[in-house]
Amino acid sequence: MAHFRLLRAAPPAPALPPLIARLGLHDEMLLTEFEGFGMSVIGRTIAQAKADPGLARLARDRYGVGVLIDPDTWRNQLPVDERTRGYQAAAFSIAGILDLERRTLSATEISTYVRLTLQELAESRATILVAPYHVGRGPDCPIRSTDLRLARRAVNAFHSLRLNEARSSERFPVERRLFAAIAIRPSDLLDPAARQMLVQLYSAIGVSGYVVKIVGLSEQTAIRQVTAAADFVFSLLEASGRDVILAGGKNLSLAFVAAGLPAALLGIAEGEVFNVASGGGGGGAKPIYHSALWRSVANSTVDATFRAEILFGRNPCGCGHHRGEYLPQGQHELKLHTLTERLSDFRTVAAWTQSEAQRRMIGRVGEIDRVAKNSGYPAASAAFIAVVEAAERTRRRGVSASENDDE
């Protein structure tokens, strides 16, 4: 591992922004256009960090912006030829399929895996490093057991290597943090006892926070699964007392932040849902986000484009990067538009207090439905309200348990 000159004490890391924008390849202009404003932390995957290392350098050296890099180690569960090319360049991308259901890792293998992962993230200029993780099931799953061991070992390595300390050469030195990641399917969160056991197991690990990645989670997910996911996320937040970031979740992530979650991690105009699939996706026409609907609308066919034009014509956009009554044109306008509108919407809901979140969400969904009806789009998903209701139930349960403990 490269030897870094370290400071004994670094300024504490800033609070997480409500939206951590995961900037993709060729997204340097999003930083320069905004000059880092509204983005105290940005996100990257390890593949993006390997393919385009200059963006993280720009974020750290010019703007003092923090960088969360997701190692995406779950991709080791895929065949090699189904992994993104950038991921294959990472030192921790293994030669075969990592089948943790059939064979656990030895203590030596875990140490090596952790060391290589942390080394790659540190050298890529991460200020929030993420321990190795994989897509697993509940607390009794062998994959989950290995992930917990990896996270505990990562904590030890992070501190023994003094990776929390800033480099003395940095223009904007900052204390680095280590997060654990939890990747799970929503169906594996339906059992309340299993959810609470997972919360207790992860809360016992000495990390600074958590990145929760729920496969396929969006406003289209079944309400029962949305409720279970929200209960898990907010139980983890309450029990651990640390930062929790929802990675993915598409537009539903707005409801999580509105209900009190510190932050959501989303791609900008792409990669807004955590899908367990080969390759990197992409290609084809990109949907266009509209703040009045809290969703992205299709423009891939003549009919879809015409309807989107009606939407923007009747509800002009105020992002300032294109004529408000017309659709943004080209990738440059589209990404600037999306980032501006996303940042604004997340800042708005993050300002809601817990006591008013449910009332304000019901009102917001009503506004969305009026716009949707007037423009020929479906009504808002009931999942938005389900999230804030689940979060409130989780908090009440925690208060009740605390009062019983005091008796």
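The values are calculated or read from the model by the stated rules, or taken from the named source; none is laboratory data. Being a predicted model, the structure only gives us computed values, none of them experimental. Note that we place each Cβ from the backbone using ideal geometry, even for glycine, and neighbour counts take in every protein chain shown.
Filtering the stretch 337-396 to residues that are outside any helix (DSSP H, G or I), more than 27 Å from residue 303 (Cβ to Cβ) and of a type outside the set (S, T, N, Q) leaves 351, 352. Restrict the check to the stretch 182-201 and report whether at least one residue is outside any strand (DSSP E or B) and under 28 Å from residue 59 (Cβ atoms). Checked against the condition, which is being outside any strand (DSSP E or B) and under 28 Å from residue 59 (Cβ atoms), the stretch 182-201 yields no hits at all.
In this structure, residue 226 does not qualify as closer than 17 Å to residue 136 by Cβ and either under 18 Å from the mean Cα position of the chain (by Cα) or of a type outside the set (S, T, N, Q) (or both). Remark: pairs (first residue in the stretch 184-203, over 20 Å from residue 277 (Cβ atoms) and of a type in the set (Ser, Thr, Tyr); second residue crowded, with 22+ Cβ neighbours inside 10 Å and modelled with pLDDT of 95 or more; Cβ separation under 7 Å; 6+ apart in sequence or on different chains) = 202/180; 202/182; 202/210; 202/236; 203/236.
Residues of the stretch 47-76 that are out of contact with any Gly (no Cβ under 7 Å at 6 or more places or on another chain) and β-branched (Val, Ile, Thr): 67, 69, 73. Has the stretch 311-332 got at least one residue that is acidic (Asp, Glu) and either outside any helix (DSSP H, G or I) or surrounded by 20 or more Cβ atoms within 10 Å (Cβ to Cβ) (or both)? The answer is yes, given that some residue of the stretch 311-332 is acidic (Asp, Glu) and either outside any helix (DSSP H, G or I) or surrounded by 20 or more Cβ atoms within 10 Å (Cβ to Cβ) (or both).
Would you check which residues across the stretch 295-310 are charged (D, E, K, R) and either in contact with a strand residue (DSSP E or B) (Cβ under 6 Å, 6 or more places away or on another chain) or surrounded by 14 or more Cβ atoms within 10 Å (Cβ to Cβ) (or both) and list them? Within the stretch 295-310, 295, 307, 309 meet the criteria.
Name the residue that is farthest from residue 183 (Cα to Cα), counting only residues in the stretch 112-139 that are buried (at least 19 other Cβ atoms within 10 Å of the Cβ) and hydroxyl-bearing (Ser, Thr, Tyr). Taking the candidates together, the pick is 124. Which of the residues that make up the stretch 123-139 are in contact (Cβ under 8 Å) with a residue 60 or more places away in the chain and in contact with a strand residue (DSSP E or B) (Cβ under 7 Å, 6 or more places away or on another chain)? Of everything in the stretch 123-139, those that are in contact (Cβ under 8 Å) with a residue 60 or more places away in the chain and in contact with a strand residue (DSSP E or B) (Cβ under 7 Å, 6 or more places away or on another chain) turn out to be 124, 125, 126, 127, 128, 129, 130, 131, 133, 134, 135.
Quick check: anything in the stretch 251-260 crowded, with 24+ Cβ neighbours inside 10 Å and closer than 27 Å to residue 159 by Cβ? No - not one qualifying residue is present in the stretch 251-260.
Across the stretch 140-181, the qualifying residues are those that are small (Gly, Ala, Ser) and assigned to a loop (DSSP other than H, G, I, E, B), and the one among them that is surrounded by the most Cβ atoms within 10 Å (Cβ to Cβ) is 166. Flag not set for residue 342, criterion: surrounded by fewer than 18 Cβ atoms within 10 Å (Cβ to Cβ) and either under 15 Å from residue 266 (Cα atoms) or of a type in the set (Lys, Arg) (or both). Looking across the stretch 28-58, just one residue is under 18 Å from residue 340 (Cα atoms), buried (at least 24 other Cβ atoms within 10 Å of the Cβ) and in contact with a helix residue (DSSP H, G or I) (Cβ under 9 Å, 6 or more places away or on another chain), and that is 42. Kindly establish whether residue 194 is under 16 Å from the mean Cα position of the chain (by Cα) and either of a type in the set (A, V, I, L, M, F, W, C) or assigned by TED's automatic domain parsing to the domain that holds residue 255 (or both). For residue 194, the condition - under 16 Å from the mean Cα position of the chain (by Cα) and either of a type in the set (A, V, I, L, M, F, W, C) or assigned by TED's automatic domain parsing to the domain that holds residue 255 (or both) - is not met.
The residue that is nearest to residue 255 (Cα to Cα), counting only those in the stretch 367-389 that are surrounded by 15 or more Cβ atoms within 10 Å (Cβ to Cβ) and touching an Asp or Glu at 6+ places or on another chain (Cβ under 7 Å), is 384. Residue 74 falls short on exactly one of the conditions (1) at positive phi; (2) within 19 Å of the chain's Cα centre (by Cα), and that condition is (1). Going through (1) crowded, with 23+ Cβ neighbours inside 10 Å; (2) out of contact with any Pro (no Cβ under 9 Å at 6 or more places or on another chain) one by one, residue 203 falls short only on (1). Pairs are defined by a Cβ separation below 7 Å, a sequence spacing of at least 6 or placement on different chains, a first member in the stretch 23-47 that is without any contact (Cβ under 8 Å) to a residue 60 or more places away in the chain, and a second member that is surrounded by fewer than 22 Cβ atoms within 10 Å (Cβ to Cβ) and of a type in the set (A, V, I, L, M, F, W, C); the pairs so defined are 25/51; 28/58; 31/58.
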